[in-house]
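Step one of this worksheet: look at the structure below.
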Amino acid sequence: MRDSGGEMMDFRRPIRMNRNRWLITIGSFALMFGASIYVVATNWPVGGMPSLAWAAHGAALLAVCLEVMTRSLKIQASAYAVKLPLKFGTAVRVCLGGDFAASITPARSGAEPARYLVLAESGMAPAGRVVVLFLELFLEMCSLAVVCLLLAWAFGGRGASIGGLLGLVGGYSTAVLGAGAIGLVLARNSANGPPPAWARRLGLHAGRWRGVQRTLRQLRSSVQSLKQAHPGLMFVAFLGSVVHVLFKVSTLPILVFLGDRTFPLTMDTLAPLVLWPLALFYGGVVVPAPGGGGFIEGAFAATLKSAIPAGIFAAALIWWRFYTFYLYIVAGGIAAGDAAIRAIRDRNRD
């Protein structure tokens with residue numbers, strides 16, 4: 001099983017953040033700001049930059065709060081389902097701490113170690129932390145697949161691009177679940193002993209293979225816990241996961257339709273405002289630079305310029321990035337920034 005950044009699960013392994021990686025992070029954020037400035041400058045409205053209505057900001061902020069709350073509910077309910085006590089406040093810190101670390105590390109690789117450390121500081125046993133994080137990833141992929149099916153039904157028949165976008169995101173979740181299924185097969189047969197012939201051909205010597213086996217044993221233990229989970233609580237956790245994804249993609253439509261009341265609200269105008277952000281959120285994991293290194297801003301301009309009124313396009317980009325990225329960095333830094341920083345610190349300095 002792999003996390004959203006494509007890393008093989010080893011939640012206990014800290015992410016090495018040496019000076020070069022910090023410089024990469026700083027450079028990536030500079031590119032992000034530069035890309036935002038460029039897009040805003042090239043799309044500056046003739047009458048000056050309009051300010052979005054307070055109702056748009058209030059609704060977007062509410063969507064962010066509900067997204068975090070439903071995601072935290074998912075984590076808490078899944079923990080309860082396998083008989084692991086977890087306070088709601090701790091679940092919120094797990095979410096935000098992971099968001100903060102993901103934002104400042106390459107390929108979002110710091111998310112799971114940060115969440116693992118927050119759970120550790122709550123007093124949860126190591127095996128329980130692994131199970132909770134496994135369930136979080138598993139439910140995320142399952143809910144993403146379901147959301148893609150719901151959106152395909154809601155926006156069906158509105159162009160080949162719709163199917164392509166949903167296929168991209170749905171394919172991503174399917175690939176991750178497929179990787180988990182392959183890992184489970186390996187966990188049944190290869191979680192102990194020397195590396196098999198195929199592993200040696202791939203360059204997995206004994207030391208590396210022991211790391212793979214440790215991950216496989218974690219996966220096997222987590223799946224066994226899932227089999228014994230309370231079905232009702234798992235369903236609550238799954239619903240929380242679905243709803244949190246829907247709140248995540250609701251921000252841009254909120255900003256556009258409440259920011260320009262003259263813009264017609266139809267399924268045709270709504271479709272790109274929902275589907276392209278969904279693709280950017282989950283397709284952006286292929287970009288290794290922290291925060292996307294300007295890719296998200298460039299892709300936003302390339303895909304949504306014709307879907308958003310010209311008068312509010314620049315404002316929509318700025319505030320969409322604020323409510324879906326920068327605000328999470330601030331909230332995560334406040335809620336669990338210290339734990340996240342320690343989780344991604346070089347282990348040699350611990």
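Miscellaneous remarks
- Condition check for Val68: touching a Cys at 6+ places or on another chain (Cβ under 9 Å), surrounded by 14 or more Cβ atoms within 10 Å (Cβ to Cβ) and of a type in the set (A, V, I, L, M, F, W, C): yes
- Against the numbered list (1) in contact (Cβ under 8 Å) with a residue 60 or more places away in the chain; (2) of a type outside the set (D, E, K, R); (3) more than 22 Å from Val245 (Cα to Cα), Val92 comes up short only at (3).
- Hey, Glu140 under 13 Å from the mean Cα position of the chain (by Cα), of a type in the set (D, E, K, R) and either surrounded by fewer than 16 Cβ atoms within 10 Å (Cβ to Cβ) or modelled with pLDDT of 85 or more (or both) or not: yes
- Among the residues of region 230-276, just one is among the basic types (Lys, Arg) and within 23 Å of Cys148 (Cβ to Cβ), namely Lys248.
- Picking from residues in region 71-92 that are surrounded by 24 or more Cβ atoms within 10 Å (Cβ to Cβ) and basic (Lys, Arg), the one that is farthest from Arg261 (Cα to Cα) is Lys74.
- Pairs with Cβ under 7 Å, 6+ apart, first in region 37-63 and under 15 Å from Ile318 (Cα atoms), second polar (S, T, N, Q) and at pLDDT 90 or above: Ala60/Thr251
- Exclusive hit being surrounded by fewer than 22 Cβ atoms within 10 Å (Cβ to Cβ) and either under 27 Å from Glu140 (Cβ atoms) or modelled with pLDDT under 90 (or both), set Pro272, Pro290, Pro253: Pro253
- The single condition from (1) touching a Leu at 6+ places or on another chain (Cβ under 9 Å); (2) part of a helix (DSSP H, G or I); (3) of a type in the set (A, V, I, L, M, F, W, C); (4) modelled with pLDDT under 90 that Leu327 fails is (4).
- Considering only residues in region 9-45 that are modelled with pLDDT of 90 or more and among the aromatic types (Phe, Trp, Tyr), the one that is surrounded by the most Cβ atoms within 10 Å (Cβ to Cβ) turns out to be Tyr38.
- Members of region 293-332 that are among the aliphatic types (A, V, I, L, M) and surrounded by 21 or more Cβ atoms within 10 Å (Cβ to Cβ): Ile296, Ile308, Ile312, Ala314, Ala315, Ala316, Leu317
The values are calculated or read from the model by the stated rules, or taken from the named source; none is laboratory data. Predicted model, so just to flag it, every value in this text is computed and none were measured. Counting neighbours? That spans all protein chains shown, and the Cβs are built from the backbone with ideal geometry, glycine included.
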